[in-house]
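Values quoted throughout were computed directly from the atomic coordinates according to the rules given, and no laboratory measurement underlies them. Note that the coordinates shown come from a computational prediction; the quantities given were computed from them, not determined experimentally. Here the Cβ positions follow ideal geometry from the backbone for every residue, glycine too, while neighbour counts run over all protein chains shown.
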Amino acid sequence: MQLLSGCSQSSVVAGYFFFKDGHTLRSDWPSPEFWISSIRKEDSGCYWCEVTTASHSVSKQSHRSYIQVQIEHQRIPVSGVFLETQPQGDQAVEGKMPVLVCSVAEGTGDTTFSWHREDTSESLGQKSQRSQRAELEIPVIRESHEGGYYCTADNGYGVIQSEAVNVSVRIPVSHPVLTFSTSGAQVFTGDVVELCCEDKRASPPILYQFYHENVTLGSTSAPFGGRASFNLSLTTGHSGNYACEADNGLGAQPQEDISECALTPSFTEHPPKIRLVNGAHHCNGRVEVEKEGRWGTVCDDGWDMKDAAVVRRGLGRGAGKHTPVGMLYLPVAEEDQSVFIQVALCNGTEEALAGCEQVETFDCGHDEDTGAVCEGG
């Protein structure tokens, strides 16, 4: 580096002198230029020069100049670009706002950070700052945001890309639905009712809780999500409201998300048992009733659709459709099997044949047994 120059040269000049802060750098230097090969910060200071004739009778000095030496730091290219998510775990919760953090292990100066989706290379955002990390907050995340993400960093030496991070989106429980499943339209004491709780979108595993009038009945885990059921053997004390609750560990569920059952079952004691036998379907066959542990038939004298409606109600089946003769349902009843009802004078509103007015004369044989067909048969 040429530090000082400009001291005039003439034929009578004997030498050149260079000074710094009152100290002589060079004396009797034969050239009007003086070089410092590698300047350092400590070389900062006040410099001047002086020329002298051979007889030293004439000497002239230059103006003094202050030189400040600035040290330029060496810039380091970015390396070790890394992408992570916050909260950590590469899992995001639908409805939340996750943060993508891009960082570099090394790199100086202003760095431009960019974030991208792996499947489309879509740019999600860009930030330039003098830092080794930058954050990008994604607005409310949805299930459609699942996939791979990566980031890049560049401080002027070229773009460096991170490895991709696969982000999965977990869906919290929302509105579980409770349904009842029974064997018929009516529910009686002793019946087994299946309570089914379902949240179609929530991410597994899900823990379902079942309640009756705010009292816990039990819980069932669904490791693969979807739905879970709970079987309940009914007593008369089980009348009332039912609810279910779903929890997959993604935050407490608010009270309004507990779904109450739309059906409030009313339980009664079982009426005398009734059945349809030898038919092709469960709603088709010869009518039989039970008394004192024995099954007997019903005579078709006066038998009509009102009587069939009561049979349908006792079975908890669909509406009555036909009243065929019992002889159609082979084999016919055994001779030693009783005919329990001769004539049932039902008005169609009774809960069971036993509640209908009856004619007590018994002169029917099994060739007069009656049958019934209800919807579904």
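The mean sequence separation of alpha-carbon pairs under 8 Å and at least six residues apart, normalised by the residue count of the chain, gives a relative contact order of 10 percent. Principal-axis analysis of the Cα atoms of the chain puts helix 305-315 at an angle of about 50° to the longest axis.
Helical runs assigned H by DSSP (4 residues or longer) give the chain a calculated mean residue ellipticity at 222 nm of -1000 deg cm²/dmol, each run adding -39500 (n - 2.57) before division by the residue total. Quick one: grab the alpha carbon gyration tensor of the chain, order the square roots of its eigenvalues as a ≥ b ≥ c, and give me rounded if a/c is under 1.5, else prolate or oblate depending on whether a/b is larger than b/c. The shape class here is prolate. In a reduced charge model with +1 at each Lys and Arg Cβ and -1 at each Asp and Glu Cβ, the chain shows a dipole moment near 3100 debye about its Cα centre. I need the shape label for segment 324-377. Rule: rounded when a/c is under 1.5, else prolate if a/b > b/c, else oblate, with a, b, c from the alpha carbon gyration tensor. Because a/c hits 1.5 or more and a/b fails to exceed b/c, segment 324-377 counts as oblate. Once both labels are positioned 7 Å from their Cα atoms along Cα-to-Cβ, the gap between LEU345 and LYS273 label points is 3.0 nm. Placing unit charges on the Cβ atoms only, positive for Lys and Arg and negative for Asp and Glu, gives segment 99-202 a dipole magnitude near 220 debye about its Cα centre. With R₀ set to 22 Å, the beta-carbon distance separating VAL140 from THR120 gives a calculated FRET efficiency near 0.65.
Taking 0.36 nm per residue of sequence separation and removing the Cα-Cα distance, the HIS175/HIS282 pair yields an extension gain of 34.9 nm. Determine which lysines satisfy two conditions relative to LYS41: a Cα distance under 24 Å, and not lying fewer than 8 residues away in the same chain. Filter leaves LYS20. PRE reach from LYS127 (point 7 Å along Cα→Cβ): which of segment 146-172 fall under 15 Å by backbone N? From segment 146-172, the list is 151-154.
Annotation: for a label point projected 7 angstrom from Cα along Cα→Cβ of TYR66, residues of segment 10-48 with backbone N closer than 13 Å are 21, 44-47. What shape does segment 277-377 take by its C-alpha gyration tensor, where a ≥ b ≥ c are the square roots of the eigenvalues and a/c under 1.5 counts as rounded, a/b above b/c as prolate, and the rest as oblate? Since a/c reaches 1.5 but b/c is at least a/b, the shape of segment 277-377 is classed as oblate.
Averaged over residues, the count of other Cβ atoms within 10 Å places the peptides 19-32, 99-112 in the sequence 99-112, 19-32, highest first.
Other residues lying with their Cβ under 12 Å from the Cβ of PRO204 contribute a combined charge of +2, Lys and Arg counting +1, Asp and Glu -1. For a straight C-alpha distance cut-off of 17 angstrom, the lysines reachable from LYS321 (same-chain residues fewer than eight places away being disregarded) are LYS306.
Packing here is the average count of other Cβ atoms within 10 Å per residue, and on that basis the peptides 279-292, 195-208, highest first, run 195-208, 279-292. When each of the peptides 56-69, 163-176 is scored by the mean number of other C-beta atoms lying within 10 Å of its residues, the order from highest to lowest reads 163-176, 56-69.
The length gained by stretching the chain between HIS23 and SER168 to full extension, at 0.36 nm per residue less their Cα-Cα distance, is 45.1 nm. Full extension of the segment from THR112 to ARG201, taken as 0.36 nm per residue of separation minus the current Cα-Cα distance, would add 28.2 nm.
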